[in-house]
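Engineer: After the structure tokens below, expect a handful of questions from me.
The values are calculated or read from the model by the stated rules, or taken from the named source; none is laboratory data. If you're wondering where the values come from, they're calculated on a predicted model, not measured in any experiment. Heads up, the Cβs are rebuilt from the backbone with ideal geometry, glycines too, and the neighbour counts pull from every protein chain shown. Remember, those area values only see protein heavy atoms, side chains included, never the ligands or the DNA or RNA. Shrake-Rupley method; radii C 1.70, N 1.55, O 1.52, S 1.80 Å.
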Amino acid sequence: MSRTALLKPGRWLPRSMATRIYLIIFAGLMLAQGLSFAVMFHERYESATTVMLNTVEHEVATSVAVLDRLPAAERADWLGRLQRDNYRFLLGHGQRGTPLISGRSREVARRIENEVGPDYQVQADTISMHPELYQLHFRLHDGAPLTLEITPRGVPPIAQWLPVVLALQLALLLVCTWLAVRLAARPLAQLAQAAEAMLPTAEGPRMNEAGPTEVAQAAIAFNTMQERIARHLKERLHILASISHDLQTPITRMRLRAESLEEGEERQKILGDLHEMEHLVREGVAYARSAHGGAEAPVRMDVKAFLESLVFDYQDIGKPVTLTQSVSGASMVRQQALRRVLGNLIDNAIKYGGAAEVSAWRNDEGALCMAVCDRGPGIPEDQLEQVLQPFYRLEGSRNRGTGGAGLGLAIAMQLTRAIGGGLELSNRPGGGLAAMITLP
């Protein structure tokens, strides 16, 4: 099974883990509650049926004995007194029907027949099934016919307070499930926030190591991992900076020796190679230092004045850079790091597009957005993210005069992350590239 298939959530499941846990727990509790209610209701039904059968056989036997001993003229007056919710007595033969069908009716007839005895010559018929109605026919000792008409009751009535109790139980289940899921999912959300807040140097807020054992262990592991990554990155950047710095001395000696050579094509090639080496070393040092751009203290700065000053500096040396849009007001930014980022993007736009357009605005969330645009060839869509990686160049040749060192956009990306922002590249309609910086 592919990784994509493993990561793809079920269509019927929500994407939120907290919601999934909530649904699973709530569904389980509701199922258990439903089963408990069904068992209770079935037991209540069986108990009520047993009580009803026991009551009916004794009451009917007593009523038949009473009517048998009364004078025939007085029996009609007693029918109303002996009537119950589910049966009544009729003087006469009643109706003729079919043999008893339901098991309950046969059980009732059998019990009544056993209770009254064989002297009354009990017979039973089914009159109707929808609704269920059956009759038992007796023969009194004076020869008079007597009929018992039984209309079985359905499900025993539910007490009025029972739905209220069930509603309260459901509300309690909802509250308890919500609290349980919230307590379980909160550490995951805090872990995600801490991971997102990590800087390129792996420095960021530490997780609280208090709480349940599992949560504390995860927090300790995360903090330890963060410290290890920070040490590893610092060592790597320190090595890169040291190597780049140490290379400058032999490169300088080689340049001095090359300049002492006689004029010629070989001398120019050597100097050109040394120039490329110096450029690469400077870019390597700049990339190593860019990871620590967040160490600069933020200052309150007038955005419009800052951008105008940056654009005017380029215009003073004859570079085609224009400010097309700006915003008024001040923002808290790391000025030197932001100037370096914008400078790298403007240099890249001039190099590949011939000119640069700078703009600034605020998005719907109030975040400060800046963009550097050009009308150059742009970048293939499938490489927009790759060009932000160190030493990645679109230029197929190894000529650094056209392809560069592959660190300009990487430095801009790392510096932007170090100051808490984001950098995104996109192709412009009609051709060209747009590099947008978003700062909180």
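Engineer: At what distance in nm do the modelled label points of residue 42 and residue 262 sit from each other, each positioned 7 Å from its Cα along Cα→Cβ?
Structural biologist: Taking the simple label geometry, residue 42 and residue 262 are separated by 11.0 nm.
Engineer: Extending each Cα 7 Å along its Cβ direction at residue 328 and residue 312, get the distance between those two points in nm, one decimal.
Structural biologist: 1.9 nm
Engineer: Quickly work out the residue 299-to-residue 189 label distance, labels modelled 7 Å from Cα along the C-beta direction, and quote it in nm with one decimal.
Structural biologist: Placing both labels 7 Å along Cα→Cβ, they lie 3.9 nm apart.
Engineer: Report the FRET efficiency, 1/(1 + (r/R0)^6), for residue 32 and residue 178, where r is their Cβ-Cβ distance and R0 is 25 Å, rounded to 0.05.
Structural biologist: 0.90
Engineer: Counting each pair of different Cα atoms once, what's the Kirkwood radius of the stretch 297-440 in Å, rounded to one decimal?
Structural biologist: In the stretch 297-440 this quantity evaluates to 15.5 Å.
Engineer: For residue 24 and residue 86, what is the calculated FRET efficiency with R₀ set at 45 Å and r taken between the beta-carbons, to the nearest 0.05? Write out the running numbers ahead of the final one.
Structural biologist: On the way: r = 45 Å, r/R0 = 1.00.
After rounding, the FRET efficiency stands at 0.50.
Engineer: Could you compute the FRET efficiency for residue 246 and residue 269, with r as their C-beta to C-beta distance and R0 at 22 Å, rounded to 0.05?
Structural biologist: 0.35
Engineer: How much length would be gained if the chain were fully extended between residue 253 and residue 365, taking 0.36 nm per residue of separation minus their Cα-Cα distance, in nm to one decimal?
Structural biologist: Extra length available between residue 253 and residue 365 comes to 34.9 nm.
Engineer: Need the full-extension length gain, residue 206 to residue 278, defined as separation in residues times 0.36 nm minus the C-alpha distance. One decimal, nm. Intermediate results must be reported in sequence, preceding the final value.
Structural biologist: Working: separation 72, 0.36 × 72 = 25.92 nm, distance 3.97 nm.
Once the chain is fully extended between residue 206 and residue 278, it gains 21.9 nm.
Engineer: Okay, moving on. Need one value: the accessible area of residue 415 in square angstrom, 1.4 angstrom probe, rounded to the nearest 10.
Structural biologist: Rounded to the nearest 10, that gives 10 Å².
Engineer: Looking at the stretch 52-115 from every direction and averaging, what is the projected area of its Cα convex hull in nm²?
Structural biologist: Details: hull surface 19.4 nm².
Its Cα hull, projected and averaged over all orientations, spans 4.9 nm².
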